[in-house]
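The structure under discussion appears below in the form of structure tokens.
The values are calculated or read from the model by the stated rules, or taken from the named source; none is laboratory data. This is a predicted model, so every value here is computed, not measured. Note that each Cβ is placed from the backbone with ideal geometry, even for glycine, and that neighbours are counted across all protein chains shown.
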Amino acid sequence: EIVLTQSPGTLSLSPGERATLSCRASRTVYTNYLAWYQQRPGQAPRLLIYGASSRATGIPDRFSGSGSATDFTLTISRLEPEDFAVYYCQQYGTSLTFGGGTKVEIK
Amino acid sequence: HLQLQESGPGLVKPSETLSLTCAVSGGSISRSSYYWGWIRQPPGKGLEWIGSMYYSGSTYYNPSLRSRVTISVDTSKNQFSLKLSSVTAADTAVYYCARPIDGYNFERPFDIWGQGTMVTVSS
């Protein structure tokens, strides 16, 4: 099983700031099959990024993904009020596993 | 547009079988080549993939749950189901059904999710 470790656990930022979230895999993610989700309280996860860097339909361009092999990053260029949420990474190259999440909270 | 809706008992006793159904509307399970999935989330914790199945019946399960999980499809009702046997308090979670972005195989990200249903395991 590929274990995904997300850091930091919590990110305290202000609206308008840049958020950088990390996802590290225990071994290489096949073909960079890495996705990112946003989950707001009481809601189902929403797919943001797949294939490490492709935005899902309807996702604003302030969300971007990068990385390869075992190290991946989700960047939110300028935080909007609705972006304060929990973010999960998921690898789908070898079965399906999720990271433990990063909470982006208002500072 | 496609919508998914989970349903089932909100309370299950320890050692019994948890049974949930996901009703699909706005599209046909049998006319779309997708691997329909179940994911769960214990309170305050992260996401765990339970398993996925193709409309024709092929199934893929999380190895950690494989011995207790059965996913099946009822194309006549346009729904698919989850059964998890011998439940314990550790199975208390919000259970989501979901559809992936394409039907390439079961190892795909999910872009359409149900709202989730909370299941508590307690006597």
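Annotations
- Some residue of the range A:78-94 being assigned to a loop (DSSP other than H, G, I, E, B) and modelled with pLDDT under 95: yes
- Search result, residues across the range A:43-69 that are surrounded by 16 or more Cβ atoms within 10 Å (Cβ to Cβ), away from every other protein chain (no Cβ under 12 Å) and closer than 16 Å to A:Gly99 by Cα: A:Gly67
- Taking the range B:65-85 as the range and being surrounded by 18 or more Cβ atoms within 10 Å (Cβ to Cβ) and under 9 Å from the mean Cα position of the chain (by Cα) as the test, the residues that pass are B:Ile71, B:Phe80, B:Ser81, B:Leu82.
- Pairs with Cβ under 6 Å, 6+ apart, first in the range A:71-100 and within 25 Å of B:Asn62 (Cβ to Cβ), second crowded, with 20+ Cβ neighbours inside 10 Å and modelled with pLDDT under 95: A:Tyr92/B:Arg108
- Meets criteria (of a type in the set (S, T, N, Q), touching a Ser or Thr at 6+ places or on another chain (Cβ under 8 Å), surrounded by fewer than 22 Cβ atoms within 10 Å (Cβ to Cβ) and within 22 Å of A:Gln91 (Cα to Cα)) for B:Asn62: yes
- In the range B:75-110, the residues that are among the small types (Gly, Ala, Ser), away from chain A (no Cβ under 14 Å) and touching a residue at least 40 places away in the same chain (Cβ under 8 Å): B:Ser81, B:Ser85, B:Ser86, B:Ala89, B:Ala90
- For A:Arg40: the one exception among (1) more than 14 Å from chain B (Cβ to nearest Cβ); (2) farther than 26 Å from B:Phe106 by Cβ; (3) out of contact with any helix residue (DSSP H, G or I) (no Cβ under 6 Å at 6 or more places or on another chain); (4) not aromatic (Phe, Trp, Tyr): (1)
- Index of the failed condition, B:Met53 passing every other in (1) crowded, with 19+ Cβ neighbours inside 10 Å; (2) in contact (Cβ under 8 Å) with a residue 12 or more places away in the chain; (3) farther than 28 Å from A:Thr57 by Cβ: (3)
- Figure legend. Inter-residue proximity from the range B:63-74: first residues more than 14 Å from chain A (Cβ to nearest Cβ), second residues assigned to a loop (DSSP other than H, G, I, E, B) and polar (S, T, N, Q), beta-carbon distance below 7 Å, spacing 6+ or different chains. Indicated pairs: B:Arg68/B:Ser85; B:Arg68/B:Ser86.
- Per the conditions (1) closer than 17 Å to B:Trp113 by Cα; (2) touching a Phe, Trp or Tyr at 6+ places or on another chain (Cβ under 9 Å), the sole criterion not satisfied by A:Gly42 is (2).
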